[in-house]
Each structure stands twice: as structure tokens, then as C-alpha cells.
Amino acid sequence: MALIVQKFGGTSVGSIGHIRAVADKIMATQALGHELVVVVSAMAGETDRLVRLAHELSRVPNAREFDVLLSTGEQVTIALLSIALMERGCAARSYTGSQVHIRTDSAHSKARILGIDISKIKADLKAGKVVVVAGFQGTDEHGNITTLGRGGSDTTAVALAAALKADECQIFTDVDGIYSADPKIVPMAKRMETIAADEMLEMASCGAKVMQIRAVEFAGKYNVPVRVLSTFQEGTGTLIQAIEENMQHPPVSGIAFNRDEAKLAIYGIPDRPGIAAQILGPMSDAHIEVDMIVQTLTENGLTDLAFTVHKRDFAEASAIVERIAKLVGAKRVKVDPKIAKVSLVGVGIRTHAEVASKMFQVLGEIGINIQLISTSEIKIAVIIDEEHLTLGVNALHEAFQLGTEAKESVANCL
Ligand code: ADP
Ligand code: ASP
Ligand code: MG
């Protein structure tokens with residue numbers, strides 16, 4: 001008998017028919033003798049609908065009330081799923097985040113889980129019940145409802161699995177595992193049997209929203225075995241595992257992309273110590289997160305600085321940049337929201353310096369201009385024009401042979 005935490009995403013509970021199918025799936029797992037805690041998201045499109053409603057009333061809705069609103073989506077699905085389970089004769093009990101004391105900090109819309117009281121859940125499991133918990137929500141120390149950021153139900157599931165010391169956390173979604181690239185954009189993408197936790201973390205932070213970044217962090221930190229599976233298809237999915245030393249790795253395991261960033265550039269800045277801080281300081285003062293930053297070499301005492309921010313901060317960041325550019329006497333400002341970030345991810349990048357040059361060459365050969373570059377130990381990311389995204393990602397996928405059977409062959413192509 002194992003203790004399993006299963007999470008079903010928005011598409012998986014997107015209609016009454018799907019909720020019935022999920023209930024059947026849960027009962028089939030229970031019939032094998034396993035104890036089950038189930039985490040559900042809001043029905044597909046519901047969180048977006050609630051976001052739109054709030055924005056009809058206010059450009060910047062009150063943070064506390066916004067979370068009260070957003071958390072309702074998951075409350076609907078825990079109740080519907082529990083009703084469906086009970087209708088089938090399965091003892092089930094639903095809980096909102098606050099009912100099982102999912103304690104978070106007070107950062108509304110991006111709260112972090114601090115602790116979970118598992119006593120009620122344990123008692124229900126002991127009594128043979130399936131416990132259904134609302135994903136994506138918790139409460140802060142003052143009892144205010146908080147939400148965990150988009151995709152946050154993944155984090156609820158992994159955190160519950162960690163707290164309960166579950167044998168496995170299964171993330172059920174609309175694809176049958178983690179692929180070498182988003183299968184909706186790259187038809188040749190290949191499902192992986194396993195992926196190193198480090199790589200999954202980098203893929204998630206580079207835009208592969210198949211799992212929320214914090215869920216992957218949690219899994220690594222608390223050593224939770226996580227498997228990503230399809231709700232609609234049988235299969236073993238992809239297991240996220242801690243990396244073993246001296247494991248053989250292809251240089252590149254996957255490609256991720258992100259359309260959520262915008263680029264801002266200031267040209268002809270009189271170069272002097274502290275100038276980058278003078279420009280980027282006001283961004284952090286306005287709580288705008290800056291991702292990639294590139295400063296060119298100084299020529300005739302002038303330098304250029306370009307960086308990216310999330311698209312939601314674009315208007316505010318553009319206004320700040322205009323103001324600062326005037327202040328420091330820069331020549332001109334150019335802003336561009338129509339960009340995309342494409343990242344090659346792989347533990348093997350550490351030891352294969354040639355991956356970067358091959359990436360640039362592949363993009364160059366099909367006429368895609370690289371605007372910014374950033375690298376880390378296991379990632380190389382470039383900013384390109386958004387309209388070239390599908391072309392670029394598919395070309396890279398082919399060049400690094402990520403769709404081929406034997407991963408080992410990737411090493412040969414370099
Ligand atoms: P859920 O609603 O179940 O949480 P999400 O939409 O958040 O589902 O995540 C699943 C989606 O992630 C897939 O439909 C797919 O388009 C996308 N995705 C992005 N990158 C990858 C990848 N490398 N492998 C698999 N899916 C990916
Ligand atoms: N319902 C939330 C969202 O759409 C949380 C989740 O689905 O994980 O982001
Ligand atoms: Mg998700």
C-alpha cells in the first residue's frame with residue numbers, strides 16, 4: 001500500500017464529464033489499495049475568467065480581494081469532485097486551503113507555502129477516505145486568503161506530498177509527460193522517461209509551464225518523487241529525479257521558450273561608475289523584475305544597455321526608462337514587446353562549450369537574428385523576434401536531434 005498525492009489540472013477537470021472520468025481514475029487507484037490525497041485546479045479557463053472580471057472593475061485590483069476571488073475556482077472543483085466520488089460510493093471529503101491550514105506568507109498572488117497541518121488529512125486517510133484539497137491557495141498569519149501564483153496547484157500537490165511523506169506525487173495533465181519541447185509547438189518533440197530535477201527546474205524557469213517552478217524547487221528540496229502523466233491516456237509519464245553523479249548526459253535535453261517578456265534598450269549612455277544601478281534601481285524600486293541584462297562595450301565614453309521584463313510590467317518599465325534616459329543624458333530609447341526567449345537546457349551544457357556556437361549557427365543559417373544572449377551552467381538563452389519563435393524552436397530541436405530515439409546520439413551530432 002502506498003500513499004499517493006494526485007493532482008489534476010484545469011483541463012482534466014474542465015467539464016462534468018471530465019470530473020466523472022477523474023473520479024473513476026481515482027477509484028481505480030484506490031482499488032489497488034493505495035491511500036489517496038487529491039489536489040485539483042479550477043476548471044479550465046475559470047481562473048482567467050475571474051482575472052478578467054476583476055480587471056473590468058479595476059486596473060490594479062486590491063491584492064487581498066483579488067486572491068479571495070481567484071481562490072473560488074478551486075473551491076468549486078473540490079466540491080464537484082467529492083460529489084462525483086460519493087455518487088460512486090467512495091468516501092471522500094473536500095478541504096479548502098485554509099481548512100487544512102496551508103499557511104503561507106502574505107505575498108498575495110505569489111504566496112509561498114510555509115507549513116501544512118496534516119492531522120485532519122491523516123485522520124481521514126485512516127478512516128478510508130479520499131481527501132480532496134483545493135490547489136493554489138492558503139492563508140497567511142492573519143487569516144487572509146492567499147494564492148500561490150499561476151500554476152500553483154502543482155506546488156500545493158508537491159508540498160502536501162512532502163508534508164505527508166507520500167511515496168509519489170503524480171501530476172496529471174493534458175500531455176502524457178515532459179517532452180524535449182512543448183509538443184503543441186514542436187510536433188517532433190519526444191517524451192522523456194526521466195528528467196533530472198535540475199533540468200526540470202531550468203526548463204520551468206525558462207517558460208515550460210508544464211509544472212510551476214516552485215513545485216519543482218519543493219520536490220528537489222524535500223526529495224519528493226514527482227511523475228507527470230496524462231489524465232486521458234494510460235502510460236508511465238515522466239519521472240523527475242535527483243541527478244546521479246557520473247550519469248552520462250547528452251549536452252542538451254530540452255528546449256523551452258517564453259513569450260511573456262519584453263525588451264527595453266537605452267543607447268548612447270554616458271558611461272560612468274554606477275550608471276547600471278542608476279537605470280535598474282528604479283525598476284526594483286517599482287517591484288519590476290528584470291531578467292536578462294546586456295551592456296555593450298564602451299566606445300567614445302558611451303555605452304548601451306538592454307534588458308527584459310515581464311510583459312505585464314512593460315508600460316510601467318517603458319515610462320521609467322524614458323524618464324531615466326533623459327536624466328542621464330542618453331541618446332535614445334527603444335522598446336519592443338514582440339520578442340521571445342528560447343532556451344536550450346541540459347545538464348551536459350556544463351561540459352560542452354560547443355553547444356552555444358552551434359545554437360547561434362543554426363539560428364543564423366535560417367536568418368534569425370539574436371538580440372540578447374544569457375548563459376548559466378545548464379542553460380543558454382537567446383532573445384529573438386517573436387514571429388520567428390516556432391521556426392527557431394523547431395530548427396534547434398532538429399539540429400540537436402532531440403526527437404530521435406537514442407538520446408546518446410545527440411552527443412554525436414556536435
Ligand atoms: P494543467 O492545467 O494540467 O496544470 P498546464 O497547461 O499548466 O496544465 O501544463 C501542461 C502544458 O504544458 C501542456 O499542454 C504543454 O503545452 C505545456 N508544455 C510546455 N512545455 C512542455 C514540455 N517540455 N513538455 C510537456 N508539456 C509542455
Ligand atoms: N487555477 C490556477 C491557475 O489557473 C492554479 C492552477 O491551475 O494550478 O493558474
Ligand atoms: Mg499547470
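Data for the structure
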item	result
Strands (runs of 3 or more DSSP E) within the stretch 272-353 that include 2 or more residues among the aliphatic types (A, V, I, L, M) and more than 25 Å from residue 256 (Cβ to Cβ)	302-310
Residue in the stretch 258-276 that is nearest to the chain's Cα centre (by Cα), counting only those that are open to solvent by 70 Å² or more (accessible area, probe 1.4 Å) and farther than 25 Å from residue 338 by Cα	273
Where a residue in the stretch 28-43 is part of a helix (DSSP H, G or I) and its partner, wherever it lies, is at pLDDT 95 or above and not acidic (Asp, Glu), with Cβ under 8 Å and at least six apart	29/4; 29/6; 29/36; 30/36; 30/90; 30/130
Filtered residue count, the stretch 388-414, keeping only those that are surrounded by 15 or more Cβ atoms within 10 Å (Cβ to Cβ), at pLDDT below 95 and small (Gly, Ala, Ser)	2
Identity of the residue in the stretch 44-62, among the hydrophobic types (A, V, I, L, M, F, W, C) and part of a loop (DSSP other than H, G, I, E, B), that ends up nearest to ligand 3 (Cβ to nearest atom)	44
Residue identified as touching a helix residue (DSSP H, G or I) at 6+ places or on another chain (Cβ under 9 Å), open to solvent by 20 Å² or more (accessible area, probe 1.4 Å) and within 16 Å of ligand 1 (Cβ to nearest atom) among 153, 205, 109	205
Whichever residue in the stretch 161-198 is among the β-branched types (Val, Ile, Thr) and crowded, with 19+ Cβ neighbours inside 10 Å and, among such residues, is farthest from ligand 2 (Cβ to nearest atom)	186
Test: residue 240 is assigned to a strand (DSSP E or B), within 15 Å of ligand 1 (Cβ to nearest atom) and open to solvent by less than 10 Å² (accessible area, probe 1.4 Å)	no
Filtered residue count, the stretch 200-235, keeping only those that are over 19 Å from residue 343 (Cα atoms) and either in a strand (DSSP E or B) or β-branched (Val, Ile, Thr) (or both)	7
Selection from the stretch 12-39 of residues that are β-branched (Val, Ile, Thr), within 16 Å of ligand 1 (Cβ to nearest atom) and more than 17 Å from residue 91 (Cα to Cα)	13
Test for residue 129: is it at pLDDT below 95 and open to solvent by 10 Å² or more (accessible area, probe 1.4 Å)	no
Filter result (in a loop (DSSP other than H, G, I, E, B), more than 16 Å from ligand 1 (Cβ to nearest atom) and of a type outside the set (Gly, Ala, Ser)) within the stretch 138-150	140, 141, 142, 144
Residue check for residue 296: among the β-branched types (Val, Ile, Thr) and modelled with pLDDT of 95 or more	no
Residue that is away from ligand 2 (no atom under 16 Å from the Cβ), without any contact (Cβ under 8 Å) to a residue 40 or more places away in the chain and touching a Ser or Thr at 6+ places or on another chain (Cβ under 9 Å), where the choices are 114, 201	114
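The values are calculated or read from the model by the stated rules, or taken from the named source; none is laboratory data. All of these numbers come straight from a predicted model, not from anything done at the bench. Note: ideal-geometry Cβ built from the backbone for every residue, glycine included; neighbour counts use all protein chains shown. Calculation scope for accessible area: heavy atoms of the full protein, side chains included, ligands and nucleic acids excluded. Shrake-Rupley method; radii C 1.70, N 1.55, O 1.52, S 1.80 Å.
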